[in-house]
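Everything below concerns the one structure shown next.
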Amino acid sequence: MRGFFYCLLTYCEFSETGAQVTLDFFTTQPDPTTPEDETDLIDDTGTTYHKILMAYNMCCKDGLVSVPGNTNLGCGEWDYSCNTYITDSAKVNSVINFTVTVSNPNGQEDEYSYNNSYTTSFGDIHVYADGQILTVQLKTNNYGHQSSYILYKDDGTVYYERDNCDNNTLYNDPFYLNPGCYKLQIFDSGNDGLEFWANPGQGEGYFRILNADSDILYSFEPDFGGYAIHEFGIGNITKIDEIAHPFILSVYPNPVSDHLQINIRGTGNTKVTARLSNTAMKQVMEKEWTANEKEFSTVLDMKDLPSGVYFLQITYGNHSKTEKIIIF
Ligand SMILES: [Ca+2]
């Protein structure tokens, strides 16, 4: 049901003692500059305010309305004044806190210690096992041109993009992703998602992630408005040495018909291996070089390979990255 339950999760933790504390609660609806509510917390040495989790629940002013020919219900006008804050301690486990504390600033004793700590909260993300092909599946509705999606790598660069979609078409895009963090974002230029109760004329669609056995690992809510985001990790996403010793890889053009240019920037003096596999994970090419300098470039000849999707794994010293390559 579209927008029936907008909620804001706010996590607060207080351990300081001192003066009375006033908390202003903000939501993104309807006006983020105006506090939705205020609560005075009286701080005394005997009281610790701990793990207060609030959700803001809007009321439907007009009552639920039904749309002829559609079983879904919606609200004609929202009432933002109901100010119903609920606490749900069961949700605390889904929230992870990251706290930064400043100590001994400039090598001196701090004159004002009350602002030395800041806590922010974030939700856990999906982590999928590495070493498997994940398929991003998009089924468009009657307005295929409104749908597009982008798979981003953790550095914000675009790993893959699909747009110019046809109507009522099923797209299956396989990815063999290296361990790391990714963001999958779907867009709808009509701002009414793949499905919306008030626009039954656009038909139905879906957007999801499947494994090699066609099991659904993740499914986007099709009523997502203008866009929806799924952030996820592959494999061991806390592998520190991958972050500490990266190498920069660029591979182009992609799609490629004959010559694939590979450029690497790293530490030099290491072995470089290129392994090319098809979507059945059968290796069709392996090459090896030595990078003597920090900049390394080479060209792979692809023109004798059948057209299709391939995965190019570049190993640089102890680290590797995989790029999806399309040969046409
Ligand atoms: Ca749409």
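I'd like to check which strands (runs of 3 or more DSSP E) are fully inside segment 266-328 and have at least 1 residues that are within 31 Å of the chain's Cα centre (by Cα). Before you say what the answer is, go through the steps one by one.
Values: elements: 270-278, 283-291, 295-301, 308-316, 319-327.
Output list reads 270-278, 283-291, 308-316, 319-327.
Here are Asp304, Asp258, Asp215: which of them is within 30 Å of Glu195 (Cβ to Cβ), among the acidic types (Asp, Glu) and modelled with pLDDT of 90 or more?
Asp215
Working carefully through the options Asp223, Asp215, find the one that is within 16 Å of the ligand (Cβ to nearest atom), more than 14 Å from the chain's Cα centre (by Cα) and acidic (Asp, Glu). Explain how you work it out, then say what you get.
Values: Asp215 fails: within 16 Å of the ligand (Cβ to nearest atom).
Every option except Asp223 fails the conditions.
How many of the residues making up segment 181-197 are surrounded by fewer than 20 Cβ atoms within 10 Å (Cβ to Cβ) and in contact with a strand residue (DSSP E or B) (Cβ under 6 Å, 6 or more places away or on another chain)?
Residues flagged as surrounded by fewer than 20 Cβ atoms within 10 Å (Cβ to Cβ) and in contact with a strand residue (DSSP E or B) (Cβ under 6 Å, 6 or more places away or on another chain) within segment 181-197 amount to 5.
For Asn164, indicate whether it is away from the ligand (no atom under 11 Å from the Cβ), part of a loop (DSSP other than H, G, I, E, B) and over 19 Å from the mean Cα position of the chain (by Cα).
Yes.
Restricting to segment 167-210, and then to whatever is among the hydroxyl-bearing types (Ser, Thr, Tyr) and within 16 Å of the ligand (Cβ to nearest atom), can you tell me which residue is nearest to the chain's Cα centre (by Cα)?
Tyr206
So the check is Cβ under 7 Å with 6+ separation or different chains; which pairs have a first residue in segment 192-209 that's within 11 Å of Asn142 (Cα to Cα) and a second one that's more than 10 Å from the ligand (Cβ to nearest atom) and open to solvent by less than 10 Å² (accessible area, probe 1.4 Å)?
Qualifying pairs under 7 Å: Leu194/Phe207.
The values are calculated or read from the model by the stated rules, or taken from the named source; none is laboratory data. Note that this is a predicted model, so its numbers are computed, not measured. FYI the Cβ positions are ideal-geometry reconstructions off the backbone, even for glycines, and counts take in every protein chain you see. Please note that ligands, DNA and RNA were not included when accessible areas were found on the heavy atoms of the full protein model with its side chains. Shrake-Rupley method; radii C 1.70, N 1.55, O 1.52, S 1.80 Å.
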